[in-house]
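Asker: Would you mind keeping the following structure in view while I ask a few things?
The values are calculated or read from the model by the stated rules, or taken from the named source; none is laboratory data. Keep in mind that this is a model prediction, so the values were computed, not measured. Note: ideal-geometry Cβ built from the backbone for every residue, glycine included; neighbour counts use all protein chains shown. Calculation scope for accessible area: heavy atoms of the full protein, side chains included, ligands and nucleic acids excluded. Shrake-Rupley method; radii C 1.70, N 1.55, O 1.52, S 1.80 Å.
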Amino acid sequence: MRKTTLLIGAVLAVVSTTAHAQETVTTRVMVRAVARDAKAIGDGVGGAKVTIVNVATGEVLAEGLQQGGTGDTEAIMSTPRVRDAAVYEAEGTAGFLAELTISRPTVVNISAIGPLGYPQAVRAATKQMLLVPGQDVLGDGVVLELHGFIVEIVSPLPLDPVNAEVQVSARVRMMCGCTIEPDGTWDANAKTIVALLKADGRVVSQAELVYAGATSMFAGALVVPFDVRGDLTLDVIATEAGAGNFGRHEIPLGAAR
């Protein structure tokens, strides 16, 4: 009986000591928002907002802006992956290092939203995990993958009047801002870019945009039906279903002339 009492007392002492130590331990977590089939989302496209929330209480434990560059192209896109090898740890690669104060094992939602510089392309990703006080998650850290493309209609400009034909030019890039070209690291031939002319939300004309000779630029022409009426919009949609990437940009146009 005495031995049992002593054992219980020793266990309680250890638990008490551990709990006290946890109250003063800072837990560091590296979070990296990366583009699906591409690189880290860095300063060039506005970075990404990262938030870490305590699932049980809803308390925001950390939040901030992911900053830095897109990372080492060779390491991320070309080098065969070896188990536990760092991919995004090259100096200067974008990430957000959170410093949390937690006193017990805590389930959190870690979220990222970006690229912040292109509202029409912004997407979010969330991962839920258990964090343990004092157990840092560094190196590549927690990787959150954002699917999509950055699509920008270059011409026509918003509210430009529509004639019998609309010449469309669009810039399409990966979510990290990485450029697209035929047979490049990000192959234009694997992607489909379509322009849609809509009247009151109904598609009245469409055309595929083809590579225009400069990285990430695509162009084509839309024929405007002679009887088109109503509020007109131009919608450019980029797709690569095999990679799970889709993006779009829509603008209003002026009345047909």
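Asker: To test your reading of the geometry: what angle, between 0 and 90 degrees and rounded to tens, separates the Cα axis of helix 2-23 from the longest principal axis of the chain?
Answerer: So the helix axis and the longest Cα principal axis differ by about 40 degrees.
Asker: Once amide H atoms are built 1.01 Å from N in the peptide plane, which residues 5 or more positions from residue 209, or in another chain, come under 5 Å H to H?
Answerer: Result for residue 209 returns 193, 194, 195.
Asker: How much of the pair distance distribution for region 112-234 lies past 16 Å, counting alpha-carbon pairs only, in percent? Show your work: numbers first, answer last.
Answerer: Numbers: 5203 of 7503 pairs.
The proportion of pairs with Cα distances above 16 Å equals 69 percent.
Asker: Scattering from the C-alpha atoms of region 46-123 alone, worked out with Debye: what is log10 I(q)/I(0) at q = 0.14, 0.26 1/Å?
Answerer: -0.62, -1.13
Asker: Based on the Cβ-Cβ distance from residue 255 to residue 208, what FRET efficiency comes out when R0 is 35 Å, to the nearest 0.05? Could you put the intermediate results ahead of the total?
Answerer: On the way: r = 26 Å, r/R0 = 0.74.
Rounded to the nearest 0.05, the efficiency is 0.85.
Asker: I would also like to ask the following. Output ³J(HN,Hα) for region 25-39: one whole-Hz value per residue in order, computed from phi by the Karplus curve 6.51 cos²θ - 1.76 cosθ + 1.60 with θ = phi - 60°, and x for Gly and Pro.
Answerer: 8, 8, 10, 9, 9, 8, 10, 10, 8, 10, 7, 4, 6, 8, 10
Asker: Using the basic label-point model (7 angstrom from Cα toward the beta carbon), what is the residue 129 to residue 239 distance in nanometres?
Answerer: Simple spin-label model gives 3.4 nm for this pair.
Asker: Between residue 78 and residue 165, with labels modelled 7 Å along Cα→Cβ, what's the label distance in nm to one decimal, could you check?
Answerer: 4.1 nm
Asker: Another question about this same structure. If amide H atoms are built 1.01 Å from N in the plane of the peptide, which residues on other chains or at least 5 residues away come under 5 Å of the amide H of residue 145?
Answerer: For residue 145, the qualifying residues are 34.
Asker: Follow-up. With each label point set 7 Å from Cα along the Cα-Cβ vector, what nm distance links residue 101 and residue 183?
Answerer: Here the answer is 5.9 nm between the modelled labels.
Asker: Taking the Cα atoms of region 58-180, what is the range of coordinates along each of the three principal axes, in descending order and whole Å?
Answerer: 66, 38, 20
Asker: Please report the antiparallel percentage of DSSP beta bridges with both residues in the chain, rounded to the nearest 5. Write down the numbers at each step before the final one.
Answerer: Working: 68 of 77 bridges.
Of those bridges, close to 90 percent are antiparallel.
Asker: For the chain, evaluate the Debye formula with one uniform point scatterer on each Cα (no solvent term) and list log10 I(q)/I(0) at q = 0.07, 0.15 Å⁻¹, rounded to two decimals.
Answerer: Taking Cα atoms of the chain as identical point scatterers yields -0.37, -1.02.
Asker: Something else now. Viscosity 1.567 mPa s, temperature 4 °C: what is the translational diffusion coefficient of region 187-257 from Stokes-Einstein with a Kirkwood Rh over Cα pairs, rounded to a whole number of µm²/s?
Answerer: Details: Rh = 13.1 Å.
Value of D from the Cα-based Kirkwood radius: 99 µm²/s.
Asker: Cα-based Rg (one decimal) and Dmax (whole number) for region 202-242, in Å?
Answerer: Cα radius of gyration and Dmax of region 202-242 are 12.9, 38 Å respectively.
Asker: First compute the accessible area of the chain with a 1.4 Å probe, then give the percent of it belonging to carbon and sulfur atoms. Write down the numbers at each step before the final one.
Answerer: Values: 7090 of 13320 Å².
Carbon plus sulfur share of accessible area: 53 percent.
Asker: For the charge dipole of the chain, defined by +1 on Lys and Arg C-beta atoms and -1 on Asp and Glu C-beta atoms about the Cα centroid, which residue among 167, 245, 105 has the Cα displaced farthest towards the positive pole?
Answerer: 105
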